Each structure stands twice: as C-alpha cells, then as structure tokens.
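Q: One structure coming up, written as structure tokens, with questions to follow.
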Amino acid sequence: MSISRIGVVGAGQMGNGIAHVMALAGYEVLLNDISQDALDAAIARVDKNLERQVSREKIGAATKAETLARIIPTLSLPSLGGTDLVIEAATEREEIKEQIFDTLKPHLGADTILTTNTSSISITRLASRTTHPERFMGFHFMNPVPVMQLVELIRGIATDEPTYAACLGIVEKLGKTAASAEDYPAFIVNRILIPMINEACYALYEGVGNVASIDNALKLGANHPMGPLELGDFIGLDTCLAIMHVLHDGLADTKYRPCPLLTKYVEAGWLGRKTKRGFYDYRGDTPVPTR
C-alpha cells in the first residue's frame, strides 16, 4: 500500500507530535480537531519543537519551513476520509473514539487504513465498529512523540498482513523502532509501566515513603530517569487511572486494582503537569511535592 497523505484526529499532546514526525518524514498531514484554538496551539507547538531541532542543528531552517507547510489544519473530520491512512489520537475514552469512527465511516476511501493511538483499549473491539476491520490496527506512539523511539503496532483479530506491513513501513521511514504487541489490555509498555506507577501510589498511600523519597529511590536505586510519581504527573493521572481500569476490567486480577489515592487525585482534578498540580505542585518555579 502506498501511503503519502495521513490524517491525524486530535491536535493535543499526542496528535501534534504525530503530525510533527509525519510531516518531517515527508508525509502530507491533515490535522483535525473540534476546536480552532486547539489547532492553532498545535501548529504553534510544532513550530516551537521544530525550531528547537533547528537550534540543535538536527534540521535546517528550510526543512522546518517545508515540514510546517505539509501540515494542513482542518475542523472537518470527514475530510480526513480522503487520506491514505488515518491515526485517531483523541481522548482515551472509548465512546469518543467510537463516535469518531462512526463519523469517518461513510467518508473513508476504498483502501484507507484506519488506526488508533489508544494506549490500552481493545483493538479488536474498536475495529468491530468499522466497515473494514481488516484495515484497522493499533498505532501507539510514545510521549513525547518527536523524542521517543518506540511505536507499538497492535493487530486486532481481523487485521490483515498488508495493513500491518504498511504501518511497519511508516515506522521505519520515521526512523523509529516498532514493537509488535498482541491485542491484550494495555499492550506491552503500559501493561508494565502503569502498574508500576500505581504501585508507587500505593507506597505513598500506605506511608511507605513520601513523594520525594519514592521518586528518588527509583531514580537512584533503579536508575530510572524519572521517578514513578513524577512520570505519572507527566503522563496525566487521569490517563494512568483510565489504563488501570482497563487492566482491572479486562484481566479481572486484583493486582490491577487502582490505588484509592490515585482516584482521589483525579477526582480533585489534580491530574499532573497539565493542570499544574498532581503529586507535585507546578505553579511555582520549582515543582514541590504535595505529600
């Protein structure tokens, strides 16, 4: 399958990163969102991140200009139906993703591949809402997309080989590495990572250590670049909680029970960096532990 035009649904943190790397690799990108403000913010973020690459001499000024010119913002979701491949990167809520696929369904081209950047939801179940489940699969980028080298490729039960091969080819063109995962809750990375963050929440909840001691223990004792609570704030505590629910519901194992303290932080709206408060308070010049 020849891929030249790519549609990205959602201009948030993941969507603008995906648009960035795709356009830099030479693909024309239609970037969709329901808000013009979100689209404007996404283009500004891509511009800023490309400028950082220019300042570090990873790309030239001409390449930056060409990359930005390949990204076409649009409020029209149906217009993405004319692309060769669509990557859905909207909020990690299944009902929202289903609405997007339902809207796209009558507008998709005869050979368009439909993919989702979901970090945990069943690919097979999402594919069942589409007309051609054989041309549907998981295309899971890591955050931040321009920096992280891994992409998880997840086939649903009906995904055919040409669809997988086309997505693998894109990953290779991006200069990233693909990890093939089976369609089980949270796939590979989040199946291992998010329960670790949840366990750090339990350690905090049970008084084993405070925020600083838990994060320092993992950074200095396990050589992690970020502590688990700091990482949870970076990912978004609402996303961490949503993935824990997917694991708990999908695998029915008590070891995946979400920590009550994690739930409390989400109920308070303390979701991490994006809301300026989580396990750390980010409203000042330096993050301060909240416990």
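The values are calculated or read from the model by the stated rules, or taken from the named source; none is laboratory data. Everything numeric here is computed off the predicted structure, so don't read it as measured data. We place every Cβ from the backbone using ideal geometry, glycine too, and count neighbours over all the protein chains shown.
Matching residues to (1) among the aliphatic types (A, V, I, L, M); (2) outside any helix (DSSP H, G or I); (3) not assigned by TED's automatic domain parsing to the domain that holds Glu199:
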position: His248; (1), (2), (3): no, no, no
position: Pro258; (1), (2), (3): no, yes, no
position: Leu262; (1), (2), (3): yes, no, no
position: Trp270; (1), (2), (3): no, yes, no
position: Gly284; (1), (2), (3): no, yes, no
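Q: Restricting attention to region 147-180, and to residues there that are of a type in the set (Lys, Arg) and in contact with a strand residue (DSSP E or B) (Cβ under 6 Å, 6 or more places away or on another chain), which single residue is nearest to Gly26 (Cα to Cα)?
A: Lys176
Q: Considering only region 101-119, how many residues are crowded, with 24+ Cβ neighbours inside 10 Å and of a type in the set (A, V, I, L, M, F, W, C)?
A: 2
Q: May I pose another question? Show the residue pairs meeting these rules: Cβ distance below 7 Å; 6+ apart or different chains; first residue within region 4-15 and within 20 Å of Glu98 (Cα to Cα); second residue at pLDDT 95 or above and among the aromatic types (Phe, Trp, Tyr).
A: Note: pairs meeting the criteria are Ile6/Tyr27; Met14/Phe141.
Q: Find the residue count for region 203-216, including only residues that are outside any loop (DSSP other than H, G, I, E, B), without any contact (Cβ under 8 Å) to a residue 40 or more places away in the chain and over 17 Å from Leu193 (Cβ atoms).
A: Number satisfying all stated conditions: 2.
Q: Let me ask another. Keeping to region 14-46, report how many residues are out of contact with any strand residue (DSSP E or B) (no Cβ under 6 Å at 6 or more places or on another chain), part of a helix (DSSP H, G or I) and over 24 Å from Leu150 (Cα atoms).
A: Number satisfying all stated conditions: 6.
Q: Within region 207-220, is there a residue that is within 30 Å of Ser122 (Cα to Cα), modelled with pLDDT of 95 or more and not polar (S, T, N, Q)?
A: no
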